[in-house]
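Here is the structure we will look at.
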Amino acid sequence: MVNSNQNNVRVTGAGVRPMLFAHGFGCDQSMWRHVAPAFEADHRVVLFDHIGAGGSDLSAYEPGRYASLDGYADDVLEICAELGLERVIFVGHSVSAMVGVLAAKREPERFAKLVLVGPSPRYVDEGDYVGGFSAEDIEGLLESLESNFLGWSGQMAPAIVGNPDRPELGEELTNSFCRTDPEIAKQFARVTFLSDNRADLPAVRTPALILQCADDVIAPRGVGEYVHARMPSSELVFLEATGHCPNLSAPAETIAAIRAFL
């Protein structure tokens, strides 16, 4: 089966220049519904679901292939090749920011620009590096997720999205988590939260925009600054948006920041 079917690829837009949107953990392509349409007039907009999410083909999940983020980067590159996408503008949220970094490192000629929304190359603190979580924090998080995925989703999603004055956002993310295949989500969570892509950052020369939110419990400000310092062709923009999902909570500000970069 070709990737466009496996990954539920959807192509819209009246433009020629391709713009590929990749969603984060526990989400699907619908998380871009407030942002992607703003670029359809002058871009070829490509949306897809990671295997295990949204309308993807669950039978295409291979534990070996997806035992690291490299498998998800492979999917991105295969989608680009299948659709004949060149000089791609890649927009990746959360863990998909590092998926985009890996893809651009592997095939730099394929990508014109990267937009990294709430990126983190490593979630676990190590030495002088502050990722925002201790090793014990992450292990506790993963154990909670693996023992009671629905309960974990209901507890974590509102904290991740932030904006406690807008509870509908936390409810939407909770529902999105609960739509994800739980067994695949458990494995993807372990891959996500235990990944370490710090060494990959300096190798990527593609111009990159890093969008950093305030009060982001998943990717704190210091992490965004770390990514910027180690990506030689990057720009760092601090959004007024709070939480980890500005594509949901502040789409207008997110769109404006991306447009200014393009």
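Quick check: with the 1.4 Å probe, what order do Leu262, Leu114 take by accessible area, largest first?
Leu262, Leu114
Which residues' amide hydrogens lie under 5 Å from the amide hydrogen of Val91, considering only partners 5 or more residues apart or on another chain, with H built in the peptide plane?
Those lying under 5 Å, H to H, from Val91 are Leu20, Phe21, Ala22, Val115.
Taking the highest mean first, how do the peptides 229-237, 43-51 order by number of other beta carbon atoms within 10 angstrom per residue?
For the peptides 229-237, 43-51, the packing ranking is 43-51, 229-237.
Going by Cα centres, the stretch 86-151 and the stretch 41-58 are how many Å apart?
One Cα centre to the other: 18 Å.
Mind checking the per residue accessible area of the stretch 1-149 for me, 1.4 Å probe, whole number of Å²?
Normalised by residue count, the accessible surface of the stretch 1-149 is 36 Å².
What FRET efficiency comes out for Ser4 versus Arg259 if R0 is 30 angstrom and r is the Cβ-Cβ distance? Round to the nearest 0.05.
Rounded to the nearest 0.05, the efficiency is 0.65.
Taking +1 at the Cβ of each Lys and Arg and -1 at the Cβ of each Asp and Glu, which of His244, Ala203, Phe261 sits farthest along the dipole of the stretch 184-262 towards its positive end, judged by Cα position relative to the Cα centre?
Farthest towards the positive pole: Ala203.
Treating only the Cβ of Lys, Arg, Asp and Glu as charged (+1, +1, -1, -1), what charge dipole size does the stretch 1-131 show about its Cα centre? Round to the nearest 20 debye.
Value, rounded to 20: 380 debye.
DSSP H helices in the chain with Cα extent of 20 Å or more along the helix axis and mean Kyte-Doolittle hydropathy at least -0.5?
69-83
Of the labelled options (1) 20.8; (2) 19.1; (3) 18.1, which one gives Kirkwood radius over Cα pairs in Å as computed for this structure?
It is the one labelled (3).
Could you rank Glu62, Glu240, Glu40 by how accessible they are, 1.4 Å probe, largest area first?
Output order, biggest surface exposure first: Glu240, Glu62, Glu40.
How large a share of the accessible area of the stretch 13-62, in percent, is made up of carbon and sulfur atoms when the probe is 1.4 Å and the other protein chains stay in place?
Here it works out to 53 percent.
Of the accessible area of the stretch 97-199, with the probe set at 1.4 angstrom, what percent is carbon plus sulfur?
Details: 2210 of 4320 Å².
Solvent-exposed carbon and sulfur of the stretch 97-199 make up 51 percent of the total.
Taking the Cα atoms of the stretch 1-124, report the difference between the largest and smallest coordinate on each principal axis, in whole Å and largest first.
38, 31, 27
The values are calculated or read from the model by the stated rules, or taken from the named source; none is laboratory data. Just so it is clear, the model here is predicted, and its values are computed rather than measured. Positions of Cβ are generated from backbone atoms using ideal geometry, with glycine treated the same way; all protein chains shown enter the neighbour counts. Quick note on the areas: whole protein, heavy atoms, side chains included, nothing else; ligands and nucleic acids left out. Shrake-Rupley method; radii C 1.70, N 1.55, O 1.52, S 1.80 Å.
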